[in-house]
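**Q** Pasting in a structure now, in structure tokens, and then I'll have a few things to ask.
Since every read-out is calculated from the coordinates, none of them should be taken as a lab result. Only a predicted model underlies this, so the values are computations on that prediction, with no experimental measurement involved. Don't worry about glycine lacking a Cβ; one is built from the backbone with ideal geometry, like all the others, and counts go over all protein chains shown.
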Amino acid sequence: MEKIPNGKYTREFREEAVKLVTEGGGVSDLLLPYIPTEEGWLYLAGHKDIFTGEVVEYALEGRMTKELVNKSLLQTVVKKRPTEGLIHHSDRGSQYCSYEYRELLERLGMKASMSRKGNCYDNAPMESFWGTLKSELVHHSRYSSRREAIQEITEYIEIFYNRRRRQERLGYLSPASHERQFYERYLIA
């Protein structure tokens, strides 16, 4: 298994990402936040399409395990059906460094990319989403159960963030509107 390269969001990286998207691929990004509930912690693993800004899929569980990140990854693959060569970026958490996870990425035809040690900027798109989720929802809520937290987080991601929340980086469009507009232009061209 080859060494995982450090990720760098350079102009060349962005151009390659756009190429992958227009050819059916995409770029995945991942990180795990911790959400407090009265029943204990809830862990969230998610995959974000860097081009569209959409949180494609995610998984929530009471324990942080490699199965949690595998579940999110497999759900993402089923939903988006990426072409071979998709760049999968993550931090250097033990779940993503595990042999099983790296082998799964390889079997799925994805290129693994990891943040440089101690450099949060490499994972900025996902870090930004987690910060937004926490500041707009989690820090204003007190969850009596994991089930309650899962329901509110699901509504936030599926209904608000992906469909309605405008992002400056996307020309003040929501991820859904940005993707729709891109493909309308792409199909016409």
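**Q** Among (1) more than 25 Å from residue 167 (Cα to Cα); (2) under 15 Å from the mean Cα position of the chain (by Cα); (3) not small (Gly, Ala, Ser), which single condition is residue 47 missing?
**A** (1)
**Q** Go through the range 89-189 and tell me which helices (runs of 4 or more DSSP H), entirely inside it, have 1 or more residues that are over 23 Å from residue 40 (Cβ atoms).
**A** 94-97, 99-107, 124-136, 175-188
**Q** Just need a number here: residues in the range 34-89 that are among the hydroxyl-bearing types (Ser, Thr, Tyr) and over 20 Å from residue 183 (Cβ atoms).
**A** The qualifying residues number 6.
**Q** Also: Of all residues in the range 41-89 being within 24 Å of residue 146 (Cβ to Cβ) and hydroxyl-bearing (Ser, Thr, Tyr), which is surrounded by the most Cβ atoms within 10 Å (Cβ to Cβ)?
**A** Out of the qualifying residues, it is 76.
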